[in-house]
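A.B. asks: Sending over a structure as C-alpha cells; questions will come in a sec.
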Amino acid sequence: MAVIFDGKSLAESIKRKIMEEAANLPRKPGLAAILVGDDPASRLYVNNKEKDCAACGFFSRRFDLPATVSEEELLGRIDRINANAAIDGILVQLPLPASISERRIVEAIAPEKDVDAFHPLNVGRMVYGESPVWPCTPSGIAAMLDAYQIPIDGKVCVMVGRSDIVGKPMGLLLLQRNGTVIYCHRHTRDLAAMTRQADILIVAAGCPGLITSDMVKADAVVIDVAMNRDPTTGIFTGDVCFDEVKEKAACITPVPGGVGPMTRAMLMRNVLTLAKLHMGLAQP
Ligand code: NAD
C-alpha cells in the first residue's frame, strides 16, 4: 500500500511559513488577479487565490471584467497594473474569451511581474535554469517530492501531457534536477510501455481512468495532476485509477488533496519571491 501524499497539509504549512516571512518585509507583497467573463471554475480559482493572499497577509487587487471586454482594454488595464508599485505579481486567469489573444495578453505582462512564468522571456529563462519563479503546478510537484524526500537525480521520469502550463515546464524542471525525462502525449504509440519505465510518473492528460495498475512499475512514485469533474455527480477525479494503483505504487497523490493545494501554495511563494526581488531583498 502506497504512502499517500498529503498535499493539503503540506500546502498549509508552506503558506504558514510564507505568512511569517511576509510579515517581516517592509511592505506587503501584492498580487493582481484579472478575471474575464463569468466561467464558474475560473471564478472559483480567482476566489481561492484572493483567500490565499489574505491568509498569507498579502495585498491583493482583483479585476472582474466582462466577457465582452476588448483586447485593447485588457492590454490597457495590464499596462496600468505593470506600473503599480504595490503589485509584485500579475495573473490573468485563463482561458480567455476566443476574441482575445492569450499570447498577446501574456506578453503584455511585465516579465518581472509574471507570477505564472508564462511570458516567453521567462520560458526562455527556465530553459537556461535562470527563472526566479516557475509555473505553479510543476513547482508544487517538485516541492512535494522534496518534502517527501523523493530523489529525482538519475530517476526515469515519465511526464504524460505536454501542455505549456503543466507538462512542458514539469519535464524541464525534472531535467534540471537531473531526471531522465520521457514526454508522452496523444501521439505516443504505446503509452503503457513508456509509463511502465517510470520511477516517477506524472500524469496531466485530463482523461479519467487513463492510468491503470498494469501501466505502473512496482514501487513507482505516481503524481496525478488531473482534475476531471464528473458532469453528473460534480465529483473530481484524476487520470490515475487510484484504488488499484495505490496497491502497487510506493507513493501516490490523491485527487483532490494532492497537487491542487500545492499549486495554490506555490502561487503565494511566487508572489513572495517576486516581492523580495522588487524590494531588493533577493538576487535574481
Ligand atoms: P491540456 O488539455 O492542455 O493538455 C493535455 C495533455 O495531455 C496534452 O499534451 C495531450 O497530448 C495529453 N493527452 C491527452 N490525452 C492523452 C492520452 N490519452 N494519452 C496520452 N496523452 C494524452 O491540459 P492541462 O492544462 O495540462 O491540464 C491537464 C489536467 O491537469 C486537467 O485535468 C487539468 O484540469 C489539470 N490541472 C490541474 C492542476 C492542479 O493544480 N491540480 C493545474 C493545471 C491543470
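Computed from the coordinates by the stated procedures, all read-outs in this text should not be read as laboratory data. Every value quoted in this text rests on a predicted model; they were computed, and no experiment measured them.
A.B. asks: 222 nm [θ] for the chain, helices only, -39500 (n - 2.57) per DSSP H run of 4+, per residue, to 500?
C.D. replies: Numbers: 10 runs with 112 residues, N = 284.
Mean residue ellipticity at 222 nm (helix-derived): -12000 deg cm²/dmol.
A.B. asks: If the reach is capped at under 17 angstrom between alpha carbons, list the aspartates and glutamates near Lys155, excluding any in the same chain fewer than eight residues apart.
C.D. replies: Partners within reach: Asp146, Asp199, Asp219.
A.B. asks: Work out how far the C-alpha atoms of the stretch 136-260 reach from end to end along every principal axis, then list the three figures in whole Å, largest first.
C.D. replies: The Cα atoms of the stretch 136-260 stretch 42, 29, 29 Å along the principal axes, largest first.
A.B. asks: Follow-up. Which one of Ala117, Ala41, Ala249 has the biggest mean-square fluctuation once the chain is modelled by GNM with Cα springs under 10 Å?
C.D. replies: Result: Ala41 has the largest fluctuation of those listed.
A.B. asks: When we measure straight from the Cα of Lys8, which lysines land under 22 angstrom away, once same-chain ones fewer than 8 places off are left out?
C.D. replies: Cα-Cα hits under 22 Å: Lys17, Lys49, Lys51, Lys246.
A.B. asks: Less than 18 Å apart at the alpha-carbon level, and either on another chain or at least 8 residues along: which aspartates and glutamates does that give for Lys28?
C.D. replies: Glu20, Glu50, Asp52, Asp88, Glu112, Asp114
A.B. asks: Just Ser99, Ser42, Ser139 to compare: in a GNM of the chain, with alpha carbon springs under 10 Å, which one fluctuates most?
C.D. replies: Answer for the Gaussian network model of the chain: Ser99.
A.B. asks: Just to be sure I understand: with springs between alpha-carbon atoms less than 10 Å apart, which residue in Gly57, Gly234, Gly260 has the highest mean-square fluctuation in the Gaussian network model of the chain?
C.D. replies: Among Gly57, Gly234, Gly260, the largest GNM mean-square fluctuation belongs to Gly234.
A.B. asks: If you fit an axis through the alpha-carbon atoms of helix 71-82 and take the longest principal axis of the Cα set of the chain, what angle between them do you get, 0 to 90°, nearest 10?
C.D. replies: 80
A.B. asks: Also: Where the centre of each part is set by its Cα atoms, how far does the stretch 168-203 sit from the stretch 46-122, in angstrom?
C.D. replies: Centre-to-centre (Cα) distance: 31 Å.
A.B. asks: What do you get for the angle between helix 259-278 and the principal long axis of the chain? Use alpha-carbon atoms, 0 to 90 degrees, nearest ten.
C.D. replies: 40
A.B. asks: Tell me the angle of helix 167-176 to the major Cα principal axis of the chain, expressed in degrees between 0 and 90 and rounded to the nearest ten.
C.D. replies: 80
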